[in-house]
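Colleague: My questions will all concern the structure given below.
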Amino acid sequence: RVLFRSTFKTASILVALDDEVVDTNAVVDTGNGVLKMYGSAMKDHNWYRGGYQKISLPHILGVSSNIGVSRIIDEKYANNPTKFVEGLYRIGIGQPLDLDIPGYQPPIIRYPNKQNWWKTTLAWMSIGYETQIAPINTVTLYNAIANDGKMMRPRFIKKIVKNGETIQEFPPEVIKEQIAKPTTIKTMQTILE
C-alpha cells in the first residue's frame, strides 16, 4: 500500500473542527521543529532550520506541520482516542469503497485497546502513520470536501457503448450524504484554498 501521510493531516483536522475541539484561531507552538512525545521525537520537515515556532491552524496545514497536527490531536483526544478514531470513520476516510480493481485494499485504522495501541499511536496516527489508507480513499475524501461534504464512490466508467448503443450505464453513487457539518466543510475548503 502506498501511504500519503501529509494528505492525511487534513482528515485529522477535519475531525477536530467537526468535533468543535479546535477552531481556525488555534495557535500551536511547534517549537524548533523537534518535539519529544512520549519518548519519541516528532519532527517537522524543517527541523534542521529551527522549525516554525508558533503557527495558526490554517498555517499548520499549509506547511504540513507534523508537530502542529499531532499536538492538536493528542491534546484534544488523549483522554478519549476512540472519539478521534470514530471521527475518522464518520468523515469517511475509513470507508471501504468496494472497488472491483486489482490490488485495492480497504482502509485499516486501528481502534484503541483492540489492536497494538501505544502512547505514541494517537499522535503518529494523526499525521498518517499507523494507518493504512489507499490513495483512492484519500482522493475520495478530498473530493467530498470539494463536493460540499457529499462523498461519492469513485467511478471509472460512465457507460459501455457498443456499435453506438449503450449496453450498460454506471450512474454516480453517493456513499455518504454529508461527511461533516456544512460549516466545517466550508471552513476546510477555505483552509485548503
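Colleague: If you go through the range 113-167 one residue at a time, how many are within 16 Å of the chain's Cα centre (by Cα), within 25 Å of GLY103 (Cβ to Cβ) and among the hydrophobic types (A, V, I, L, M, F, W, C)?
Modeller: Number of matching residues: 9.
Colleague: Under the condition of being polar (S, T, N, Q) and assigned to a helix (DSSP H, G or I), which residue from the range 133-167 is surrounded by the fewest Cβ atoms within 10 Å (Cβ to Cβ)? Step through it out loud before you land on a result.
Modeller: The first filter runs over the range 133-167 and keeps only residues polar (S, T, N, Q), leaving 137-138, 140, 143, 147, 163, 166.
Now narrow it down to the ones that are assigned to a helix (DSSP H, G or I): 137-138, 140, 143.
Numbers: ASN137: 25, THR138: 21, THR140: 22, ASN143: 13.
My answer is ASN143.
Colleague: One residue is enough: does the range 95-108 have a residue meeting the conditions under 27 Å from LYS176 (Cα atoms), under 12 Å from the mean Cα position of the chain (by Cα) and either surrounded by fewer than 18 Cβ atoms within 10 Å (Cβ to Cβ) or aliphatic (A, V, I, L, M) (or both)?
Modeller: No - not one qualifying residue is present in the range 95-108.
Colleague: Go through (1) surrounded by 15 or more Cβ atoms within 10 Å (Cβ to Cβ); (2) of a type in the set (Ser, Thr, Tyr); (3) touching a helix residue (DSSP H, G or I) at 6+ places or on another chain (Cβ under 7 Å) for TYR111 and report which single condition fails.
Modeller: Every listed condition holds for TYR111 apart from (1).
Colleague: Separate question: Out of the residues in the range 168-186 that are among the polar types (S, T, N, Q) and under 12 Å from ILE91 (Cβ atoms), which is surrounded by the most Cβ atoms within 10 Å (Cβ to Cβ)?
Modeller: Going through the qualifying residues, I end up with THR184.
Colleague: Which residues, counting only those in the range 66-100, are among the acidic types (Asp, Glu) and closer than 29 Å to MET152 by Cα?
Modeller: The answer is GLU86, ASP98, ASP100.
All of the numbers you see were taken from the coordinates with simple rules; none came from a lab. As the structure is a computational prediction, the values presented were derived from the model and not from experiment. We place every Cβ from the backbone using ideal geometry, glycine too, and count neighbours over all the protein chains shown.
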